[in-house]
Amino acid sequence: MILSRDSLPANFPVWVECYKTIYKNLIKRTRQLQAANEKLVNEVAERQRIEAVLQQAEMKYRRIFENAVEGIFQTTPDGRYQACNPALARIYGYESAAQLLENLTNIEQQLYVDENRRREFIEQLRICDSVSGFESQVYRQDGSIIWISENARAVRDRNGKLLYYEGFVTDITQEKRAEESLQQSEAKSKAQGQELEGALIQLQEIQKQLLEKEHLSTLGQLLAGVAHEINNPVNFLCNNFPHAQQYTEEMIKLLRLYAKYYPEPAPEIQQQAEAIELDFLIKDFPKTLFSMQMGANRIYQIVHSLKSVSAGTDEQQSVDIHAGIDSTLLILHYRLKAKGDDGGISVFKDYGKLPPVTCYPCALNQVFMNLLCNAIDALEELKAQRLNSKDSDQHSITPSIWIRTEVKNDDNSHPWAVIRITDNGLGMKDDVRQRVYEPFFTTKPSDKGTGLGLSISYKIVVEKHGGKLNCISTPGQGTEFVVEVPIAIPI
Ligand SMILES: Nc1ncnc2c1ncn2[C@@H]1O[C@H](COP(=O)(O)OP(=O)(O)O)[C@@H](O)[C@H]1O
Ligand SMILES: [Mg+2]
């Protein structure tokens, strides 16, 4: 049907206009929708892309987490595992991470050897939010103990509330063992070093002592040589004195006979007799001869003592100890006798019945010499102090040395010779007494003391003779040294 203009409603144009507007709006809206749709499609694609990237990242991190050599963990503040990787399970001796999570439920009590370690771990994280190189000993599942090092941090929410801890664990047992064995070997080397140092000091001391001994023995040999040289002429003197005395007596007898039968001699004889004071000469000559003989005898004794004390080679012999002590005293006579106002030192001997003692006589005489010299030194020091003191009590004491000997049986009934050398000198304080046998320990001025006398004596008595050397001393009262040697040394 064809519509004529007249058949259209009157408001048709309005409709047309309306329709046009609606149509325009429709097209605009459709375009808008198309644009929104395109945007949406783009957004979805972007989201998909992001998701794929995230998935890739997640996979990447999971691979790292799963394959890491270090143990990785997340633990709750109350001490449980929230997550862990296979490496951690392996370090702690579990078959899988799941097995670890299931079994290790109380970290403080089950893991750390020292329970305090967990508290210290938490405390450090509380203060610094992270720990690094936190080393502890932990139990593995089988109960064995290993060393671990932890690096961890505290994870908090936006408000600072603690959520969990996470971090890494490294097994450092090998390093620790290596460190320990290094420390041990270091300590060992240090000890060895100290030992070596000690040995070196000892060696130096021995060297010094050897030098000293060498010096002493050279001196001893010299003395022995001198003694030997003097010995013959002195013997000659001593042996001839009785003859000289006899000849003198006979000549005097003859002179007296002449005087008896020729009371008036020729003037020349008379003059000569007066010139030489014949009467005095006849009385005095025997006395002169006698004192010469005494002098020669003394030289003989001294030479004899020197020979016995200083003889070069010292072989084991069975000897009279008393004779050795007497020889030593004779040599020391010049230090003991009174000089001017100085009253000298009294020596009291109380010798027991000692059988011959098997010993090294020269060495033992050297011991007596050292002990007597020390006693004399102590008494001389006492005398020197007295000069400056007004204490009359001190002045009443006579500086004296007592030498006592006796035989004593030990627990096995073996006889020992005991020799006590006592003085009433200044004595020693405890700290001195404890050090007297140390080589080079001396309280005397360097020109007087070497500090070797007692250390050498100790070696001679204890090491050479298997004996004992003891010192008893009271400051201000005196000192006693006791030498004990077996009478028969088992050879
Ligand atoms: N009879 C003694 N009285 C007091 N002190 C003594 C006596 N004997 C030894 N001593 C102390 O022991 C130290 C060491 O003696 P010694 O080894 O003989 O060395 P030295 O006589 O050369 O000092 C002496 O310096 C002295 O202090
Ligand atoms: Mg001495």
Exercise for the section: May I ask for the net charge around residue 183, where only other residues with Cβ less than 13 Å from the Cβ of residue 183 are counted and Lys, Arg are +1 while Asp, Glu are -1? Expected result: 0
Handout entry: Note, ³J(HN,Hα) from phi for the stretch 441-457, Karplus 6.51, -1.76, 1.60, rounded to Hz, x at Gly and Pro
Key = 8, 8, 10, 9, x, 5, 7, 10, x, 10, x, 9, x, 6, 5, 5, 4
Exercise for the section: Just tell me which lysines come within less than 28 Å, Cα to Cα, of residue 383; anything on the same chain fewer than 8 places away is out. Expected result: 337, 339, 349, 429, 444, 448
Problem - Among 409, 389, 36 - extreme Cα towards positive end, dipole of the chain, charges at beta-carbon - result: 36
Exercise for the section: Starting from the eigenvalues of the Cα gyration tensor, five times each then square-rooted, give me the equivalent ellipsoid semi-axes of the stretch 68-171, largest first, whole Å. Expected result: 21, 15, 12
Fill in the blank from the handout: Expected sort for 410, 171 with the fewest Cβ neighbours (10 Å cutoff) up front is 410, 171
Problem - Selected from 239, 251, 267, residue furthest toward positive end of dipole (the chain; charges at beta carbon) - result: 239
Handout entry: Net charge contributed by nearby residues that have their C-beta within less than 13 Å of residue 100 (K/R +1, D/E -1)
Key = +1
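For a footprinting-style exposure proxy, rank 138, 485, 347 by other Cβ within 10 Å, fewest first.
Fewest-to-most ranking of 138, 485, 347: 347, 138, 485.
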Fill in the blank from the handout: Treating only Lys and Arg (+1) and Asp and Glu (-1) as charged, each at its beta carbon, one finds that the chain has a dipole about its Cα centre, in Debye to the nearest 20, of 2460
Practice task
Using a cut-off of under 13 Å, list every residue of the stretch 176-193 whose amide N is near the label point 7 Å from the Cα of residue 200 along the Cα-to-beta-carbon line.
Solution key: 192-193
Exercise for the section: For the chain, build the charge dipole from Cβ charges (+1 Lys, Arg; -1 Asp, Glu) around the Cα centre, then report which of 14, 61, 192 sits farthest towards its positive end. Expected result: 14
Practice task
Compute the semi-axes of the equivalent ellipsoid of the stretch 17-65, taking the square root of 5 times each eigenvalue of the Cα gyration tensor, and list them largest first in whole Å.
Solution key: 46, 4, 4
Practice task
Amide H neighbours of residue 467 under 5 Å, at least 5 residues apart or on other chains, H built in the peptide plane: list them.
Solution key: 462
Handout entry: Under the Karplus curve 6.51 cos²θ - 1.76 cosθ + 1.60, θ = phi - 60°, whole-Hz ³J(HN,Hα) for the stretch 104-116, x wherever Gly or Pro sits
Key = 8, 10, 9, 4, 4, 8, 8, 9, 6, 5, 9, 4, 5
Handout entry: Per-pair calculated FRET efficiency, R0 = 41 Å: residue 157 and residue 50 via Cβ, rounded to 0.05
Key = 0.95
Fill in the blank from the handout: With +1 on the Cβ of every Lys and Arg and -1 on the Cβ of every Asp and Glu, the dipole magnitude of the stretch 91-237 about its Cα centre, in debye rounded to the nearest 20, is 340
Practice task
At 0.36 nm per residue, minus the direct Cα-Cα distance, what do residue 231 and residue 261 gain on full extension? Give it in nm, one decimal, please.
Solution key: 6.3 nm
Exercise for the section: Could you state the orientation-averaged shadow area of the convex hull built on the Cα atoms of the chain, in nm² to one decimal? Expected result: 61.5
Problem - Estimated [θ] at 222 nm from DSSP helical runs (n ≥ 4, -39500 (n - 2.57)) normalised by residues in the chain, nearest 500 - result: -19000 deg cm²/dmol
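Compute, for the stretch 354-418, the length of the dipole vector about the Cα centre, with Cβ point charges of +1 (Lys, Arg) and -1 (Asp, Glu) only. Units Debye, rounded to 20. Intermediate values should be presented prior to the final figure.
On the way: 5 positive and 8 negative charges, 36 e Å.
With Lys and Arg at +1 and Asp and Glu at -1, about 180 debye.
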Practice task
Report the FRET efficiency, 1/(1 + (r/R0)^6), for residue 388 and residue 448, where r is their Cβ-Cβ distance and R0 is 22 Å, rounded to 0.05.
Solution key: 0.75
Problem - Placed amide H near residue 478: partners under 5 Å, 5+ positions off or other chain - result: 427, 428
Fill in the blank from the handout: Final fewest-first order of 31, 386 on the 10 Å Cβ neighbour count is 31, 386
Exercise for the section: Quote to one decimal, in nm, the extra length available between residue 109 and residue 208 on full extension: 0.36 nm per residue of separation minus the C-alpha distance between them. Expected result: 29.3 nm
Completion exercise
Phi-derived 3J(HN,Hα) across the stretch 178-185 with the Karplus relation (6.51, -1.76, 1.60, θ = phi - 60°), rounded Hz, x for Gly and Pro, is 4, 4, 4, 5, 5, 4, 4, 5
Handout entry: Total formal charge among the other residues, if their Cβ is under 10 angstrom from that of residue 377, Lys/Arg +1 and Asp/Glu -1
Key = 0
Fill in the blank from the handout: Measuring from the longest principal axis of the C-alpha atoms of the chain, the long axis of helix 278-310 (C-alpha) lies at a number of degrees, nearest 10, equal to 30
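Just so you know, all these numbers are worked out from the coordinates, no wet-lab data involved. What you see is a predicted model, and the numbers here were worked out from it, not measured in a lab. All Cβ positions, even for glycine, are placed from backbone atoms using ideal geometry, and neighbour counts span all protein chains on display.
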